[in-house]
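Contents: one structure, followed by commentary.
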Amino acid sequence: MSPAARRHSAEPVSGLVVDTRRLGRRAGSMMPVARTVPSPSRIGLDLIAIQEGADIDLDLRFESVSEGVLVSGTVEADTVGECSRCLEPFTSHVQLHLTELYAYPNSVTEATTDEDDLYRVEDDAIDLEPLIVDVAGLTLPLRPLCTEDCQGLCPECGIRLSIAEPGHAHETLDPRWAGLAAKLQTDTDQT
């Protein structure tokens, strides 16, 4: 079955592909879309992402405008990450705010916009996945933290400072004084 035929079948290819035939092309028409779908792939950054198969809650509004379909609303999902300070795994929740125009084929918007900067209505369907991937990449933190006050790891021994004893510290010796310290240690051992 071709991709176009699958899009027009009763079951969508992905829960993130929305059939817009019911919306029509009359400017001002509106269609709400509220549903929960599984994530078709891992969406996010290296240290934090929505995992493949995780529930994605869509609360969107599709509005027909002269040049295409304006998609606006929120997308929410749980994320799994690794703290950038202490390297511990953690879970959190992300809310993505979407506002994007999907251009109709042969519209002025499609003709005057760079191909890479444009989302399109294809075969009366809108694929939300590329938009969600782009917005997640801009919304999720590059350096996620398990907690806002995460202290990270001890630079000497690598223990998480949140579980280390109070006043955890290591005596460090300036390498320029190492020879003198060794000489003094030898002298005190002999007495």
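The values are calculated or read from the model by the stated rules, or taken from the named source; none is laboratory data. Just so we're clear, the structure is a prediction, and the values are computed from it rather than from any experiment. Cβ placement follows ideal geometry from the backbone for every residue including glycine, while neighbour counts extend to all protein chains displayed. Protein only, heavy atoms only, side chains kept; ligands, DNA and RNA dropped before computing areas. Shrake-Rupley method; radii C 1.70, N 1.55, O 1.52, S 1.80 Å.
Given the DSSP H assignment, sum -39500 (n - 2.57) over each helix run of at least 4 residues in the chain and divide by its residue total; what's the result at 222 nm in deg cm²/dmol, nearest 500?
So the calculated ellipticity at 222 nm is -5000 deg cm²/dmol.
How big is the accessible area of Thr79 in square angstrom, nearest 10, if you roll a 1.4 angstrom probe over the protein chains?
0 Å²
For the chain, with every protein chain kept in place, what is the accessible area per residue (1.4 Å probe, Å²)?
63 Å²
Ignoring ligands, DNA and RNA, please state the percent of accessible area on region 128-175 from carbon and sulfur, probe 1.4 Å.
Numbers: 1800 of 3370 Å².
C and S atoms contribute 53 percent here.
Mind checking region 29-92 for trypsin sites (Lys or Arg not before Pro) that DSSP puts in a loop (not H, G, I, E or B) and that have at most 14 other Cβ atoms within 10 Å?
On the way: sites: Arg35, Arg42, Arg61, Arg85; in loops: Arg42, Arg85.
Here the trypsin sites (Lys or Arg not before Pro) that fit, given the DSSP loop and packing criteria, are Arg42.
Out of Asp19, Asp116, Asp57, any idea which swings most in a Gaussian network model of the chain, alpha carbons joined below 10 Å?
Most flexible of the set in this elastic network: Asp116.
How long are the three semi-axes of the equivalent ellipsoid for region 101-191, computed from the Cα gyration tensor as the root of 5 times each eigenvalue, in whole Å, largest first?
In descending order the semi-axes read 64, 17, 8 Å.
What is the antiparallel percent of DSSP beta bridges lying wholly in the chain, to the nearest 5?
Working: 43 of 45 bridges.
Taking every DSSP beta bridge within the chain, about 95 percent pair in antiparallel fashion.
How far is the Cα center of region 49-74 from the Cα center of region 102-156, in Å?
Comparing the Cα centres of region 49-74 and region 102-156, I get a distance of 12 Å.
Which parts of region 127-151 would a label at Ser92 reach, counting a residue when its backbone N lies under 18 Å from a point 7 Å out along Cα-to-Cβ?
Answer for region 127-151: 133-151.
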